[in-house]
Amino acid sequence: MRVSVIGANGKIGRLLVERLQAAAGTVPVAMVREEEQAAALREGGVEAVVGDLEGDFTSALDGADAVVFTAGSGAHTGKDKTLLVDLWGAVRVMKHCIARGPRRFIMVSAMRAGDPDAASGGIKPYLVAKWAADEWLLRSGLDFTILRPGGLTDDAGTGRVEAAARIERRGTIPREDVAAAAVHCLRTPETVGQVYDLLSGDVPVEKALR
Ligand SMILES: NC(=O)c1ccc[n+]([C@@H]2O[C@H](COP(=O)([O-])OP(=O)(O)OC[C@H]3O[C@@H](n4cnc5c(N)ncnc54)[C@H](OP(=O)(O)O)[C@@H]3O)[C@@H](O)[C@H]2O)c1
């Protein structure tokens, strides 16, 4: 299975590419923004494509069986980039997938994106952008899974999470465990059509997403 990773130079993206490269049966296609990033990936044997969600990204999706969207404009840019990358970049990729494939689409969204009104302060515009992208995906007809992790950490993954359509408590989750959840979803057709809030927990990823 060829998996386009959009946001492959990001923290989750890198972990995901490593996992897909190491696993049997999956081949990552890493989309990054800079030629130097692509060259470094290629040196490690990873197929890499330069693309930009604000420009042309389509070659990253050529021949792919699935896409994982884990790009984001980050906390150090303005709300314009939140709109143009987290929302409109995601919608542009979805539109391309509807027209040309692939149909399998895993979205790395964010906890509380289902209900931005539950948040207050500076994070609300970000959650509204994530909500709109998720809504677009829910109505797209694509074979989606939406992962909505809580606060991301760089701690080592445990392989154990809490997952549910909605989790009320606040919490965190290692990026490694989000990457593990994305890989599990790619391998598990039963996760198509599901939306998961994700936090660190006690249940093995495979069981938690069942
Ligand atoms: N931080 C949290 O606690 C938290 C919680 C829940 C969900 N999330 C979401 O989880 C996702 C992944 O998080 P992360 O920590 O892995 O993020 P990250 O390290 O900031 O990675 C985001 C990636 O998106 C890429 N990107 C930005 N603009 C782009 C564009 N125009 N075209 C193509 N790629 C672009 C960046 O490229 P460059 O490397 O070139 O800059 C970067 O590699 C994000 O969507 C984030 O919003 C975050």
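The values are calculated or read from the model by the stated rules, or taken from the named source; none is laboratory data. All of these numbers come straight from a predicted model, not from anything done at the bench. Cβ atoms come from the backbone with ideal geometry, glycine included; neighbour counts cover every protein chain shown. When the accessible area is computed, the model is the full protein with side chains, heavy atoms only, and any ligands, DNA or RNA have been set aside. Shrake-Rupley method; radii C 1.70, N 1.55, O 1.52, S 1.80 Å.
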Discussion item. Only bridges whose two residues both fall in the chain count here: according to DSSP, what percent of them are antiparallel, nearest 5?
Written reply: 15 percent
Worksheet, complete the sentence: Given backbone amide H placed at 1.01 Å from N, residues whose amide H is under 5 Å from that of PHE144, ignoring those fewer than 5 places away on the same chain, are PHE105, GLY193
Worksheet, complete the sentence: Carbon and sulfur atoms account, in whole percent of the 1.4 Å probe accessible area of the chain, for 51 percent
Worksheet item: In the chain, what is the count of Lys pairs whose alpha carbons are under 27 Å apart, counting only pairs at least 8 residues apart or on separate chains?
Response: 15
Worksheet entry | Helix-only mean residue ellipticity at 222 nm for the chain, each DSSP H run of n ≥ 4 adding -39500 (n - 2.57), per residue, nearest 500 | -9500 deg cm²/dmol
Practice prompt. Quick one: dipole size for the chain, taken about the Cα centre, charges +1 on Lys/Arg Cβ and -1 on Asp/Glu Cβ, in debye to the nearest 20.
Written response: 440 debye
Discussion item. Using amide H atoms built in the peptide plane, which far-off residues or other-chain residues are under 5 Å from LEU198 H to H?
Written reply: ARG148, GLY150
Item to complete: Please work out how much length the chain gains when fully extended from ASP65 to ALA156, using 0.36 nm per residue of separation minus the C-alpha to C-alpha distance, in nm with one decimal.
Response: 29.9 nm
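On average, how much accessible surface per residue is there in the stretch 2-150, in Å², for a 1.4 Å probe, leaving out ligands, DNA and RNA?
It amounts to 44 Å² per residue over the stretch 2-150.
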Worksheet, complete the sentence: Between the residues GLY45, ALA110, LEU15, the Cα farthest towards the positive end of the dipole of the stretch 2-150, that dipole coming from +1 and -1 charges on the beta-carbon of Lys, Arg, Asp and Glu, is from ALA110
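Could you tell me what % of all Cα pairs in the stretch 2-150 have separations over 18 Å?
54 percent
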Worksheet item: What's the FRET efficiency of ARG139 with MET1 using the Cβ-Cβ distance as r and R₀ = 25 Å, to the nearest 0.05?
Response: 0.50
Discussion item. Applying a 10 Å radius around every beta-carbon, put 13-25, 159-171, 178-190 in order of their mean neighbour count, most first.
Written reply: 178-190, 13-25, 159-171
Worksheet item: Please state the relative contact order of the chain as a whole percent: Cα pairs under 8 Å, 6+ residues apart?
Response: 18 percent
Discussion item. So for the stretch 158-203, averaging the separation of alpha carbon pairs under 8 Å that are six or more residues apart and normalising by length, what relative contact order in percent results?
Written reply: 66 percent
